[in-house]
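Below you'll find the structure, written out as structure tokens, and then a few comments.
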Protein chains: 2
Amino acid sequence: MPFAPLKNDTFLRACWRQATDHTPVWLMRQAGRYLPEYVATRAKAGSFMGLATNVDYATEVTLQPLARYPLDAAILFSDILTVPDAMGLGLSFEAGEGPRFARPVRDEAAISALAVPDMERLRYVFDAVASIRKALAGRVPLIGFSGSPWTLACYMVEGAGSSDYRLVKTLMYSRPDLMHRLLGVNADAVAAYLNAQIAAGAQAVMVFDSWGGVLADGAFQEFSLAYTARVLAQLRRDGADGQPVPRIVFTKGGGLWLQDMRALDCEVLGLDWTVNLARARALVGEGDGGKALQGNIDPNVLFAPPAQIETEVAKVLQSFGKPHTDTQTDGPTHIFNLGHGISQYTPPEHVAALVAAVHAQSRALRA
Amino acid sequence: MPFAPLKNDTFLRACWRQATDHTPVWLMRQAGRYLPEYVATRAKAGSFMGLATNVDYATEVTLQPLARYPLDAAILFSDILTVPDAMGLGLSFEAGEGPRFARPVRDEAAISALAVPDMERLRYVFDAVASIRKALAGRVPLIGFSGSPWTLACYMVEGAGSSDYRLVKTLMYSRPDLMHRLLGVNADAVAAYLNAQIAAGAQAVMVFDSWGGVLADGAFQEFSLAYTARVLAQLRRDGADGQPVPRIVFTKGGGLWLQDMRALDCEVLGLDWTVNLARARALVGEGDGGKALQGNIDPNVLFAPPAQIETEVAKVLQSFGKPHTDTQTDGPTHIFNLGHGISQYTPPEHVAALVAAVHAQSRALRA
């Protein structure tokens, strides 16, 4: 396949725990509303789904942050809820609100009727991946992604965001058999979805377990982690260009379960800002089977002036410590990111300060 | 002082890590909207603050759950935001919404103007404590409480609840000096407030750090934990009846920082449902200086049928394991509670099932 050779492989090398000369950085939701050019494209598209389902628009907004900042990776512009939408739940985004499903899944009949959707219904996503990969022209790698089975289940049952997850947890505690059936369908659908993204050109994939952290200890392992593992077990290992595709798992609020996550068949663990990177490195970042760590500055740091941003970047880099620098072997590596998605209110020039600080300071850290 | 002798001291004994014949249980927000009798009293009072500021109503609703369930402790009916209200911020509760401050604190001038309020403005709280203590007539101990300095600061700066804590974190990251000043005033105010509750008859006190868990590692220690410690350092040790008053610190989302909390000068740590009790016991529950542990079942368990509630209670009790039973020494103890406040949608009869299961199963666990 005619893929352009990769010019900046820093992110992929760090995923594979290989030495790099700086700490790669990208930002969750880096293509988004904090950028005026994104707002302009979205206005042309008319709606969020109008944007996500149009290959040209999706390509355009994915590349927008790269035009401003020397980020080390691009991430597909899409939404985590495309898969349940393809299952027929009817996704919409109301102005000023979050996502909403017209047909939430709340009883045995609705859950029994669920099935892995025909991936043709998600063709717009795979077309966007191929288009973005081409437009990137090898500049940086492209990350594909999906919501985790549990996180999708939260939205599918609640029908929208929730502050207490009462409906999905009532189902889970009352009828664990139904919840397991729902999660099994989700896991197989997510695996097929990520495999199709990989086939279309994604060079890494990320599973967003955005709501894993709302689960109780024990329930997390049974209802979230086990199904993330079921996704990972089904993923193809090589990309469209024959290169191996690293897999990232990010569980917001999952810091207490890092030791459980060490057993996941993935290369990278994403961390939110509550996690001490030095401790995480000691727990899961070192030795055989260790994971690369991705994260974890508080997105709200970006509201402070650049001098404070630089100070907070230094704290995060120093918390992880010096990544290994031996080019002959693998070892602990860090991928800089936010601990959660960037806020729509972020001043774009503050992002420039953050990216520059990560690059400059992380080079100095290795010296 | 003419306080009735305590008939059920199980909760206080467990706070002091003394052996008990069952695991004591109470529920955060046990006096609340899930009880029809509470709704009726609140309707008479006209508003939340009408309820909280009326000694007779506050006494009535505090005792309501005890009339239904054999709970092992009572907790003052009030709100964590009474202290900033007394500072002049203008607290109100809109119907169907959370609390709101008319005059949030967002700039240097507003923060400089803050001071520890005259405790006379909170007299209604201390009068309620005295009235409840009398009405309890020694049946179970009475817990007083306050929000933590950081949690109060969140509401004071945001002006209401928040999904991202953008305003308070912007202040924290941009002007840490101002945040420290705000937190210092809050800590001294909270200490004075809790001391006055103790003087009025509270037999234990609890600091609710409801929003400590939204902080980044490092920021939590600097902006929340340090000020909780400043509160604890100022608390009087003996109650109005000369008995020592145990102190409970609950940080929602604070499970990653348990080791830091071991150094707190308090007797009990409250835990949310994400924490593995066996691990928490090993980290902070054993040995000299160990803490009693309070928690931590997911409040959403109460939406499942009684049989499932009993199963989940068993998991929590077994996760902590057998409490120590040596009456000659102190050792690991567990106080059963929810991991957060009870939901307004909880079926009251499910609470009865939970309390009965805790008592019966925890007796069996010791046998």
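The values are calculated or read from the model by the stated rules, or taken from the named source; none is laboratory data. Keep in mind the model is a prediction, meaning the values are calculated, not measured. No Cβ is skipped: glycine too gets one built from the backbone with ideal geometry, and neighbour counts run over all protein chains shown.
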Consider B:ALA95 against the criteria (1) in contact (Cβ under 8 Å) with a residue 12 or more places away in the chain; (2) part of a loop (DSSP other than H, G, I, E, B); (3) surrounded by fewer than 20 Cβ atoms within 10 Å (Cβ to Cβ): it satisfies all of them except one. Which criterion is unmet?
(1)
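Does any residue of the range A:125-139 turn out to be at pLDDT 95 or above and closer than 14 Å to A:LEU81 by Cα?
yes
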Just to be sure before I move on: is A:ALA137 surrounded by fewer than 19 Cβ atoms within 10 Å (Cβ to Cβ) and either free of Cβ contacts under 8 Å to residues at least 24 places away in the same chain or out of contact with any Pro (no Cβ under 6 Å at 6 or more places or on another chain) (or both) in the structure I sent?
yes
Every residue from the range B:158-194 that is buried (at least 24 other Cβ atoms within 10 Å of the Cβ) and touching a Ser or Thr at 6+ places or on another chain (Cβ under 7 Å):
B:VAL190, B:TYR193, B:LEU194
Residue check for A:VAL268: more than 14 Å from every other protein chain (Cβ to nearest Cβ), of a type outside the set (S, T, N, Q) and in contact with a helix residue (DSSP H, G or I) (Cβ under 8 Å, 6 or more places away or on another chain):
yes
Quick one: count up the residues across the range A:292-308 that are more than 8 Å from every other protein chain (Cβ to nearest Cβ) and out of contact with any Ser or Thr (no Cβ under 9 Å at 6 or more places or on another chain).
4
List the pairs whose first member sits in the range B:310-323 and is more than 10 Å from chain A (Cβ to nearest Cβ) and within 16 Å of A:TYR173 (Cβ to Cβ), whose second member is surrounded by 19 or more Cβ atoms within 10 Å (Cβ to Cβ) and of a type in the set (Phe, Trp, Tyr), and whose Cβ atoms are under 9 Å apart, counting only residues at least 6 apart or on separate chains?
B:VAL313/B:PHE336
Exactly one condition in (1) crowded, with 17+ Cβ neighbours inside 10 Å; (2) under 22 Å from B:ILE143 (Cα atoms); (3) free of Cβ contacts under 8 Å to residues at least 60 places away in the same chain is not met by B:PHE126; state its number.
(3)
State whether the residues of the range B:225-233 include one that is closer than 15 Å to B:ALA187 by Cα, surrounded by 22 or more Cβ atoms within 10 Å (Cβ to Cβ), in contact with a Phe, Trp or Tyr (Cβ under 7 Å, 6 or more places away or on another chain) and in contact (Cβ under 8 Å) with a residue 60 or more places away in the chain.
yes
What are the residues in the range A:256-274 that are touching a Ser or Thr at 6+ places or on another chain (Cβ under 9 Å), in contact (Cβ under 8 Å) with a residue 40 or more places away in the chain and more than 15 Å from A:THR228 (Cα to Cα), if any?
A:LEU271, A:ASP272
For A:ARG262, work out the one condition from (1) closer than 30 Å to A:ALA196 by Cβ; (2) within 14 Å of chain B (Cβ to nearest Cβ) it doesn't fulfil.
(2)
Any chance the range B:281-291 includes a residue that's over 18 Å from B:ILE75 (Cβ atoms), at pLDDT below 95 and acidic (Asp, Glu)?
yes
